[in-house]
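S.K.: Before anything else, here's the structure in question.
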Amino acid sequence: MNRRYGAKSRAHFAAAMVLLSLVPTQGGAQTSPGTGVPQRSLVVTGSSTVSPLMTDIARRFEGMHRGVSIEVRAVGSARGIADLRAGAAHIAMVARQLVDSERELFAFPLCRDGAAIVVHRANPVTGLSSHQLAEMVTGRISDWKQLGAPAGAIRLAWRTEGQAIPDLVLQQLKLKPEQIRSHTTIFENTDAVAFVANDRNAITLAALGVAERSLKSGAPIKLLAYQGIPASTRAVRDHTYLLSRPLLLVTRSTPTGLQKQLVDYAASAAVIDLKEKHGFVPYQE
């Protein structure tokens, strides 16, 4: 073989091997060039309610698997599904049931939670019926005096479009997004709680687990009963609270490799303590 030609071929081969080492394998496995040490990674995006729990699960999982890196991003359930379909995420976090247009996806239940209707602690209202809540969010009830409380214009903070909480409530109330008349829009559960804690005339929706923990931590808020059932994790556990929903991990196909390991671990009894820490009901049905 010509020596000059052989050197060029070896150079091309070496370059090709470096490029191949950078291509993600099934489940997100990668090899670090020049070291041969596996550096596996996954991207998990979606629900802002699920993301704090999933972050804790991911950190524990990383501690058990040398070289594994898991990135968790809170972008909302709808964006998580979009990221998954676009190949921008390996796993989506979704805080609701999958809808008919998502039936080709694979869902794995983690736990259950609810949507809490939250007001300031000083508000004398203790609960709302579905009719009253519908009248309030559409603007037909605009003052607290219409509900027997002291006069004051109701200030509604609605959740960002594409999140699971407003989808759940709209489904319950049989309303469309364009019918909502809110004063402000909020993405994070913690911001929803803070909005109500600072305004006696405010009302909002928040993940029940987050709202309960905030209440126990001393936040000046109150969780309203819905349809006569107090909002609590106990009511979610016994299936009596109507504003409840599953928290899911979703994949585009049957999980394999590192993806399957993480999904199996997140759904296992090994992380029940983390689910309870975040105020969720373990999915054991």
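S.K.: I'd like the full set of residues that are outside any helix (DSSP H, G or I) and under 20 Å from Thr254 (Cβ atoms), limited to region 61-96.
M.R.: Listed by number, the residues that qualify are Ile70, Gly87, Ala88, Ala89, His90, Ile91, Ala92, Met93, Val94.
S.K.: Sticking with this structure for a sec: Could you tell me whether region 114-137 includes any residue that is under 28 Å from Ala270 (Cα atoms), under 14 Å from the mean Cα position of the chain (by Cα) and of a type outside the set (S, T, N, Q)?
M.R.: Yes: one or more hits.
S.K.: Also, I was wondering about something else. Take the residues in region 189-235 that are assigned to a strand (DSSP E or B) and closer than 21 Å to Lys275 by Cα; name whichever of them is most open to solvent (accessible area, probe 1.4 Å).
M.R.: Leu223
S.K.: I'd like the residue in region 236-285 that is of a type in the set (S, T, N, Q) and over 21 Å from Ser77 (Cα atoms) and, out of all such residues, is most open to solvent (accessible area, probe 1.4 Å).
M.R.: Gln284
S.K.: What do you reckon, is Gln171 open to solvent by 30 Å² or more (accessible area, probe 1.4 Å) and of a type outside the set (Lys, Arg)?
M.R.: So Gln171 fits the description; yes.
S.K.: Condition first: open to solvent by 40 Å² or more (accessible area, probe 1.4 Å) and at pLDDT 95 or above. Now tell me which residues in region 88-100 satisfy that.
M.R.: Answer for region 88-100, where residues must be open to solvent by 40 Å² or more (accessible area, probe 1.4 Å) and at pLDDT 95 or above: Ala88, His90.
S.K.: Could you grab me the full set of residues in region 124-148 that are over 21 Å from Thr185 (Cβ atoms) and touching a residue at least 60 places away in the same chain (Cβ under 8 Å)?
M.R.: Matches in region 124-148: Val125, Thr126, Gly127, Ser129, Ser130.
S.K.: Across region 118-160, what is the number of residues that are assigned to a loop (DSSP other than H, G, I, E, B), basic (Lys, Arg) and over 19 Å from Lys176 (Cβ atoms)?
M.R.: Total meeting the criteria: 1.
The values are calculated or read from the model by the stated rules, or taken from the named source; none is laboratory data. Just so we're clear, the structure is a prediction, and the values are computed from it rather than from any experiment. Virtual Cβ from ideal backbone geometry, glycine too; neighbours counted across all protein chains shown. In case anyone asks, the SASA skips ligands and DNA or RNA and just uses the protein heavy atoms, side chains included. Shrake-Rupley method; radii C 1.70, N 1.55, O 1.52, S 1.80 Å.
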